[in-house]
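Bear in mind these aren't lab numbers, they're just calculated from the coordinates by the rules spelled out. Computed from a prediction, not measured in an experiment: that's the story for all the values here. For neighbour counting, all protein chains shown are included, and Cβ atoms are generated from backbone atoms with ideal geometry for every residue, glycine included.
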Amino acid sequence: MSYDLGFLGGGQLARMSIQAAQRMGLKCLSLDPGGNTPASQIADAAIGSLDDPEAIAQVFRKCAKVTLENEFIPAQAIRDAQDLVGSPSPLVPGAEVLATIQDKLLQRHALLQAGVPSPKAVPLEGDGEGAAAKLGFPMVLKARFGGYDGKGTRYAKTEADLGALKPEWQSGGWLAEEFVPFRRELAAMVYLSEWGAGCFPTMETVQTNHVCDLVYPSGADGSAIALAAVEAIGGYGLFGVEMFELDSGDILVNEIAPRPHNTGHYTLDWGAVSQFEQHVRIAMGFPLAKPESYLPVCMANLLGRTGEFNLVEATKAALSDGATRVHWYAKAEMRPGRKMGHINVVGHPAQPTMELVDRAVKARNRFLAQPTSASPRSNPLSRRLPPEAESGRIRTI
């Protein structure tokens, strides 16, 4: 069987992108090591490791176009898969862009070399004295590969802190970065294709324990810097660009993600093209839609917790505000802190931003206020499909 669009990864970003693709009549396939993923519940899926070149090559063979659901698929595995296929695969974004993004030090150097405002970063090597001499304290320590949502990030306020953290970074693969005393965090979705380039609005993001908690209109414009950042790495596709705004009003780029992003989920309900439809358009080579004439939206993430509660009743409670939209990812397992869904509250152009944020927080509180039991393992929210129900969509690689 052949498919129009393949996704490397089967999580919620693939699910919401596939939903956008299906509205356009496209047939989709996702690849993921899990047998019951958010994407596999709505479209055909293949079970296979995302670092297995042969599994990736099978997706290339079956799909006219292929794109990413996350940035943790080794770029070398994609290159090897392309060698197995015998020709460059129509992958958006390409393996070289992915390789630059995957290594946070290469990403940072590419930004700085292009003159994009960004924190200084150096390899963390030896006893750390070189990094300390170049950056001073405080400094941020980051794993060059694989970190996200605060994972792989440490802070050293003093030389003693740096020494105490040495067991974590001394084996290599870490960078040191100057600490940025930012006023707030911003984010913008950037798109580039043969049909043009542009940005979705710059949003303010609030992080709790290093995980995105709230996203809402910022009143700032970081689009020029966000676009320059993606151009600096040779980007082609859809990218989430996270930024710092300083007290001076200057904006620095923090990190780039080559895919739909948590900070762009508000676009599902703002009345213009969503980040997911734009993602599909770019991957397929379709004309782009300009994100115009939109309404303000505040997004509030729904994170996992222990115990179980009734999804229907929780959703009913959240929807008592008619401007609320609930998006549930149908993950097979709930874990504390895991992104399980999100709530969007749609405002009107004249509504004060903080009033919109307050409504989103209250809607989420109503959702989470449902009684819980003491059984963290059994969770009807996941709505896990039985094997016989899944088998019609799971393909063997």
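Go through (1) touching a strand residue (DSSP E or B) at 6+ places or on another chain (Cβ under 7 Å); (2) among the small types (Gly, Ala, Ser); (3) closer than 19 Å to ARG281 by Cα; (4) crowded, with 18+ Cβ neighbours inside 10 Å and name the single condition ALA64 misses.
Exception for ALA64: condition (4).
Restricting attention to region 207-234, and to residues there that are over 15 Å from the mean Cα position of the chain (by Cα) and part of a loop (DSSP other than H, G, I, E, B), which single residue is farthest from PRO117 (Cα to Cα)?
The qualifying residue farthest from PRO117 (Cα to Cα) is ASN209.
Only one of these is among the small types (Gly, Ala, Ser), surrounded by 21 or more Cβ atoms within 10 Å (Cβ to Cβ) and in contact with a Cys (Cβ under 7 Å, 6 or more places away or on another chain): ALA43, ALA14. Name it. Steps first, answer last, please.
On the way: ALA14 fails: in contact with a Cys (Cβ under 7 Å, 6 or more places away or on another chain).
Step by step, each of ALA43, ALA14 is checked, and only ALA43 is among the small types (Gly, Ala, Ser), surrounded by 21 or more Cβ atoms within 10 Å (Cβ to Cβ) and in contact with a Cys (Cβ under 7 Å, 6 or more places away or on another chain).
For region 20-35, which residues satisfy the criterion of being under 20 Å from the mean Cα position of the chain (by Cα) and closer than 23 Å to GLU333 by Cα?
Hits for region 20-35 are LEU29, SER30, LEU31, ASP32, PRO33, GLY34.
When region 235-259 is examined, which residues are found to be within 19 Å of the chain's Cα centre (by Cα) and either free of Cβ contacts under 8 Å to residues at least 12 places away in the same chain or outside any strand (DSSP E or B) (or both)?
Hits for region 235-259 are GLY235, TYR236, PRO258, ARG259.
Report, by residue number, each residue of region 287-317 that is of a type outside the set (Ser, Thr, Tyr), farther than 26 Å from TYR191 by Cβ and in contact (Cβ under 8 Å) with a residue 40 or more places away in the chain.
Hits for region 287-317 are LEU302, LEU303, ARG305, GLY307, GLU308, PHE309, ASN310, LEU311, GLU313, ALA314, ALA317.
Considering only residues that are of a type in the set (Gly, Ala, Ser) and either surrounded by 16 or more Cβ atoms within 10 Å (Cβ to Cβ) or under 19 Å from the mean Cα position of the chain (by Cα) (or both), which ones fall in region 79-127?
The first filter runs over region 79-127 and keeps only residues of a type in the set (Gly, Ala, Ser), leaving 81, 86-87, 89, 94-95, 99, 110, 114-115, 118, 121, 126.
ALA81, SER89, GLY94, ALA95, ALA99, ALA110, SER118, ALA121, listed by residue number.
Against the conditions (1) touching a residue at least 60 places away in the same chain (Cβ under 8 Å); (2) outside any loop (DSSP other than H, G, I, E, B); (3) among the aromatic types (Phe, Trp, Tyr), where does PHE72 fall short? Just the number, please.
Unmet condition: (2).
Which residue pairs have Cβ atoms closer than 6 Å, lie 6 or more positions apart in sequence or on different chains, and pair a first residue in region 168-189 that is more than 19 Å from LYS120 (Cβ to Cβ) with a second residue that is hydroxyl-bearing (Ser, Thr, Tyr) and assigned to a strand (DSSP E or B)?
Correct list of pairs: ALA187/THR205.
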